[in-house]
Amino acid sequence: MLQVKGRYIVDEQGNEVVLTGFNIGNWMMLENFMLGYPGTEQEFRTALKQYAGEEKYTYFFDKYYEYFLGEKDIAFIRSLGMNCIRIPMNYRLFESDDRPGVYDEEMIGRLDRMVEICKKQNVYIILDMHAVQGYQSTAWHCDNNGQPARLYTHLDERVRFYNLWRYLAEHFKNEETIAGYDLMNEPDAPREYTGMLNQVYREAAEAVREKDPDHIIFIGGNSYNRDFSVMDAPFLENLAYTPHYYLMACTSEPMSYPGEYGNIQYDKKLIETQMDAMDAFMRKYEVPCWIGEFGVRLNYPGFTEDRLRCFADQLDVICDRRHHYSIWSYKDIGYLSTATVKADSPWMEFTKEFRRIKERYFLDQNFKVNEDWGISMLLDLKDENGYADRYGKVKEMVVSGMKHTLSTALADRMGRKFGELGKEELDQLAASFAFENCRIDERRAKLLKAHGQPKRS
């Protein structure tokens with residue numbers, strides 16, 4: 001079983017192991033922009049179940065889980081020289097809010113199946129609780145539609161969170177293919193609750209240790225795994241820490257690389273400087289650093305080669321420091337993936353009109369709204385002097401609320417269309433995600449083979 005020894009992760013023989021691989025987003029944690037559906041995961045699932053009924057809903061997702069991740073996927077990941085996958089999970093797949101403390105054994109069975117597949121390929125698994133009870137942030141990627149993060153204020157939510165980890169730790173405590181547990185993805189506790197964030201991590205880690213004394217526990221920083229300045233020093237043995245490091249030049253803004261943007265020079269030197277800040281906590285306390293999320297987005301027009309150069313430099317910096325890493329994400333509909341659902345697949349055809357509407361009206365929360373919405377005109381109030389300081393926040397709230405309202409309505413429309421399909425058609429939708437039906441992005445695969453291996457120490 002892997003263990004932490006100082007700043008290293010080692011196997012039972014004491015040999016250093018550097019964990020490299022992919023996040024398996026969209027398998028046990030769905031994200032709207034990466035799959036093409038509107039709204040949050042819970043809104044999407046609710047609409048499907050409402051109009052398709054329990055039987056067809058269950059049939060589709062049973063097939064989806066089967067097709068999305070299998071032996072061919074893990075073998076391909078291993079062929080890139082990688083040795084680990086991170087599995088983001090939504091707590092709702094294991095525990096219903098209507099029946100807290102009653103856990104779904106079928107979902108555990110799917111994890112067991114993946115453990116056996118990964119064991120054959122010598123690939124480790126890190127279990128990541130991506131969406132937790134009560135929400136750890138207000139963001140869509142913890143299946144939240146903008147509600148306050150109750151985890152920090154509601155004891156009952158925290159108790160459920162700890163109990164689910166006890167359940168998982170008890171189940172996997174002897175499984176060596178499991179590298180460890182990423183307790184909570186990207187928390188964003190308000191400043192007044194950073195003390196509670198540290199308490200949540202301590203109590204969740206203690207809950208795991210009650211059942212599993214051996215597996216590594218991974219802990220992220222506040223502000224979406226970016227801020228470790230508010231985090232307590234390591235408080236248990238066998239802890240590792242996990243920053244997330246999305247580079248603007250790789251994922252968000254069209255720019256030349258290397259090149260200047262917004263009076264900042266984007267180049268490898270900047271990545272080194274940012275990484276110095278990113279891993280400062282880990283260097284200070286001599287604990288392992290696992291870059292749990294980063295990636296490159298290539299579906300914007302232009303600047304493809306610039307983005308690939310930036311991503312290559314980011315990988316070089318990570319691997320030069322022998323940091324562990326997990327790229328976001330392995331498979332989607334063409335945003336950040338190495339395995340991409342084909343454009344002519346049944347799933348892409350089914351979601352085509354919904355994706356068009358989402359893109360036209362910027363409905364996903366991570367889509368930037370331009371002035372087609374006329375928001376600035378809407379908020380052009382008379383009392384400019386008293387309003388100026390509040391403009392940005394109010395605009396953000398208005399945009400978020402409008403997006404949520406429109407997305408919910410669109411999810412309802414998608415549910416109606418889904419409900420009209422028969423089981424054979426549902427099987428074809430799910431099969432769109434099978435490895436043999438996906439396209440491999442050879443640009444990314446080539447880059448990973450060339451730049452994704454840890455440098456010799």
TODO: For the stretch 202-262, take the alpha-carbon Rg, divide it by the Kirkwood Rh, and send me Rg/Rh.
DONE: 1.20
TODO: Just read off the accessible area of LEU155 with the full protein assembly in place, 1.4 Å probe, to the nearest 10 Å².
DONE: 110 Å²
- [ ] Please state, rounded to one decimal and in Å, the Kirkwood hydrodynamic radius that the chain gives when every pair of distinct Cα atoms enters the mean of 1/r.
- [x] 22.9 Å
Open item on the list: For a quick check of understanding: with a 1.4 angstrom probe and all protein chains in place, what accessible area in square angstrom does VAL102 have, to the nearest ten?
Closed with: 70 Å²
- [ ] Would you please report the Å³ per residue occupied by the convex hull of the alpha carbon atoms in the stretch 1-158?
- [x] 152 Å³
- [ ] Take the Cα coordinates of the stretch 288-354, assign each an equal point scatterer, and use the Debye formula without solvent to give log10 I(q)/I(0) at q = 0.22, 0.25 Å⁻¹.
- [x] -0.97, -1.10
TODO: Within 10 Å, count the other beta carbons around each residue, average over each peptide in 128-139, 4-15, and list them highest first.
DONE: 128-139, 4-15
- [ ] With a 1.4 Å probe and every protein chain left in place, work out the accessible area per residue of the stretch 119-247 in Å², rounded to a whole number.
- [x] 36 Å²
Open item on the list: As an exercise, identify the trypsin sites (Lys or Arg not before Pro) in the stretch 269-366 lying in DSSP coil whose Cβ has no more than 14 other Cβ atoms within 10 Å.
Closed with: LYS342
Open item on the list: Need one number: % antiparallel among DSSP beta bridges in the chain, to the nearest 5.
Closed with: 30 percent
- [ ] In whole Hz, with x marking every Gly and Pro, tabulate ³J(HN,Hα) for the stretch 69-78 from phi via Karplus 6.51 cos²θ - 1.76 cosθ + 1.60, θ = phi - 60°.
- [x] 9, x, 4, 5, 5, 5, 5, 5, 4, 5
Task: For peptides 18-25, 81-88, sequence by mean Cβ density within 10 Å, most packed first - done: 18-25, 81-88
Open item on the list: Can you compute 3J(HN,Hα) from phi for each residue in the stretch 286-298, using the Karplus curve 6.51 cos²θ - 1.76 cosθ + 1.60 with θ = phi - 60°, rounded to whole Hz and x for Gly and Pro?
Closed with: 6, 10, x, 10, 10, 6, x, 8, 5, x, 9, 10, 10
Task: SER252 accessible area, assembled protein chains, probe 1.4 Å, Å² - done: 50 Å²
Task: Candidate lysines for bridging to LYS120, where Cα separation is under 23 Å - those fewer than 8 sequence places away on the same chain excluded - done: LYS63, LYS72, LYS173, LYS331, LYS449
TODO: Report, for the stretch 244-366, the % of DSSP beta bridges that are antiparallel, rounded to 5.
DONE: 40 percent
Task: Cα centroid separation - the stretch 187-202 against the stretch 207-260, whole Å - done: 14 Å
Open item on the list: From the C-alpha coordinates alone, can you work out the Kirkwood hydrodynamic radius of the stretch 157-301, in Å?
Closed with: 16.9 Å
Open item on the list: Probe radius 1.4 Å, ligands and nucleic acids left out: which of ASP427, ASP212 has the largest accessible area, and how do the rest follow?
Closed with: ASP427, ASP212
Open item on the list: Sorting check: for 163-171, 36-44, 107-115, which peptide has the highest mean count of neighbouring beta carbons within 10 Å, and how do the rest follow?
Closed with: 36-44, 163-171, 107-115
- [ ] Treating only the Cβ atoms of Lys and Arg (+1) and Asp and Glu (-1) as charged, compute the dipole magnitude of the chain about its Cα centre; round to the nearest 20 debye.
- [x] 780 debye
Open item on the list: What is the percent carbon and sulfur in the accessible area of the chain, measuring with a 1.4 Å probe over the protein chains and ignoring ligands?
Closed with: 49 percent
Task: Solvent-accessible area per residue, Å², over the stretch 69-111 with all protein chains present [probe radius 1.4 Å] - done: 39 Å²
- [ ] Identify the GluC sites (Glu not before Pro) of the stretch 221-322 meeting these criteria: DSSP loop state and at most 14 other C-beta atoms within 10 Å of the C-beta.
- [x] GLU237, GLU286
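The values are calculated or read from the model by the stated rules, or taken from the named source; none is laboratory data. Worth saying up front: this structure is predicted, and the values here are computed from it rather than measured. All Cβ positions, even for glycine, are placed from backbone atoms using ideal geometry, and neighbour counts span all protein chains on display. Just the protein is used for accessible areas: all its heavy atoms, side chains included, with ligands, DNA and RNA removed. Shrake-Rupley method; radii C 1.70, N 1.55, O 1.52, S 1.80 Å.
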